[in-house]
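Asker: This structure is in structure tokens; I'll ask about it shortly.
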Amino acid sequence: MPDPQPAATVPCAIGSPLNPAQARANELLRSPGDARPSFGAALADRVRAHLEDVVAPAAAALEAAAAKPMYIGKYALGSVHGCEARHLALEGQPFQLSAPVVAGTVAHRAIQYSQHWDRPPVPADLVDGALERLVAEQDRNGLWFATASSTERAEVRGAAVDRVTKFLECFPPLRRSWLPVLESPLRAELGGGRIVLSGRVDLVLGRTVGLVAGKAFIDFKTGSRFPGHVDDLRFYALLETLRLGVPPFRLASYYLDQGDIVSEDVSEAVLEAAAARAADGVVKVVELRLAEREPTRRAGPSCRRCPLVDGCDEARRDPDATDDDEDGPRRAVP
């Protein structure tokens, strides 16, 4: 009797038949044969002009306060558009690493390795390689892991292996012709560099040709769908437009626990909505950080996680306020 194949190796190599979950993702992301949209050459200039106009007072306030450049990402935008008081309270707390946060970083690194591994990738091997490098690089996640308890280390490794396994099981094998890029950073400066918008896309497929959009942006998620996931991807599309002049043609959230994908095609209306949300968020963040006004309070699904909840009248008046694992400055993706 031949030796059984390891259960945790790649279930579908390039050229092999796709399983149903992989086939669904492949069809939705690649859309073979569909024409890609084109965008006008002046699109990025128009979007940037709108952003600069709205954030100009905030940039001037930062200059008058002799403040350092303000970096704003998707988490800050998401929280400030919710409860401003909670946003300020969380920003005032030092960022705390934990086993789930470190597991997400490790899984991201392991998934990157899976695309360049010189042998059939086994999730546990990829995770161990990622942990080894993070510790050797003195990365803050590696330093946390090196001093963690045996229980915490096991939790990190187990969660990371689970996420990498689900990625390899559910997502179609990435062909080189798709030009895959993992953990792609994006950045845009406004107000003479006083305001910096930044983000990082989990996976980018395809390329832009002239004014024809050809990229798909994918974020990997664990847990349930959350409305903010759409806003996060639109924010990335906005940054890509400001950087390159042409947005991606499609945005997708891939839910590893469900093997499900939710996508949206990018249009000028989508970009305009993303720009309006980002500009409004920047103004709010700057006003609050410079203490130009009192923060508003709004009860919502994250009240039970808020450090202010015990003294918050708004939360007490909202009996439906429940915990929400997707909200907050924690990485909930592999």
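Asker: Against the definition (surrounded by fewer than 20 Cβ atoms within 10 Å (Cβ to Cβ), in contact (Cβ under 8 Å) with a residue 60 or more places away in the chain, touching a helix residue (DSSP H, G or I) at 6+ places or on another chain (Cβ under 8 Å) and assigned by TED's automatic domain parsing to the domain that holds Ala278), how does Leu88 come out, yes or no?
Answerer: On the way: surrounded by fewer than 20 Cβ atoms within 10 Å (Cβ to Cβ): yes; in contact (Cβ under 8 Å) with a residue 60 or more places away in the chain: yes; touching a helix residue (DSSP H, G or I) at 6+ places or on another chain (Cβ under 8 Å): yes; assigned by TED's automatic domain parsing to the domain that holds Ala278: yes.
It is true that Leu88 is surrounded by fewer than 20 Cβ atoms within 10 Å (Cβ to Cβ), in contact (Cβ under 8 Å) with a residue 60 or more places away in the chain, touching a helix residue (DSSP H, G or I) at 6+ places or on another chain (Cβ under 8 Å) and assigned by TED's automatic domain parsing to the domain that holds Ala278.
Asker: Phe145 - would you say it is more than 22 Å from Thr165 (Cβ to Cβ), of a type outside the set (Val, Ile, Thr) and under 23 Å from the mean Cα position of the chain (by Cα)?
Answerer: no
Asker: When you go through Trp117, Trp144 one by one, which is the residue that is among the aromatic types (Phe, Trp, Tyr) and modelled with pLDDT of 95 or more?
Answerer: Trp144
Asker: Which condition number in (1) modelled with pLDDT under 95; (2) more than 16 Å from Leu29 (Cα to Cα); (3) in contact with an Asp or Glu (Cβ under 9 Å, 6 or more places away or on another chain); (4) surrounded by fewer than 22 Cβ atoms within 10 Å (Cβ to Cβ) is the one that Arg157 fails?
Answerer: (1)
Asker: Follow-up. Pairs only if they're at least six apart or on different chains, beta carbon under 9 angstrom, first in segment 280-306 and under 13 Å from Ser79 (Cα atoms) and modelled with pLDDT under 90, second among the hydroxyl-bearing types (Ser, Thr, Tyr) and part of a helix (DSSP H, G or I); list them, first residue then second.
Answerer: Matching pairs, first to second residue: Ser302/Ser79.
Asker: Here is a further query. What is the residue count in segment 127-181 for residues that are in a helix (DSSP H, G or I) and either touching a strand residue (DSSP E or B) at 6+ places or on another chain (Cβ under 6 Å) or of a type outside the set (Asp, Glu) (or both)?
Answerer: Within segment 127-181, residues that are in a helix (DSSP H, G or I) and either touching a strand residue (DSSP E or B) at 6+ places or on another chain (Cβ under 6 Å) or of a type outside the set (Asp, Glu) (or both) number 36.
Asker: How about segment 64-84: which of its residues are in a helix (DSSP H, G or I) and surrounded by fewer than 18 Cβ atoms within 10 Å (Cβ to Cβ)?
Answerer: Across segment 64-84, the qualifying residue is only Ala64.
Asker: Can you confirm whether segment 185-196 contains a residue that is in contact (Cβ under 8 Å) with a residue 12 or more places away in the chain, crowded, with 18+ Cβ neighbours inside 10 Å and on the phi > 0 side of the Ramachandran plot?
Answerer: Scanning segment 185-196 turns up at least one residue that is in contact (Cβ under 8 Å) with a residue 12 or more places away in the chain, crowded, with 18+ Cβ neighbours inside 10 Å and on the phi > 0 side of the Ramachandran plot.
Asker: Within segment 216-227, is there a residue that is assigned to a helix (DSSP H, G or I), at pLDDT below 95, within 22 Å of Glu27 (Cβ to Cβ) and of a type in the set (Lys, Arg)?
Answerer: no
Asker: From Thr147, Thr151, Thr165, which residue is buried (at least 18 other Cβ atoms within 10 Å of the Cβ) and of a type in the set (S, T, N, Q)?
Answerer: Thr165
The values are calculated or read from the model by the stated rules, or taken from the named source; none is laboratory data. Nothing here was measured: the structure is a model prediction, and the numbers come from that model. Cβ sites come from the backbone with ideal geometry, for glycine too, and all protein chains shown count toward neighbours.
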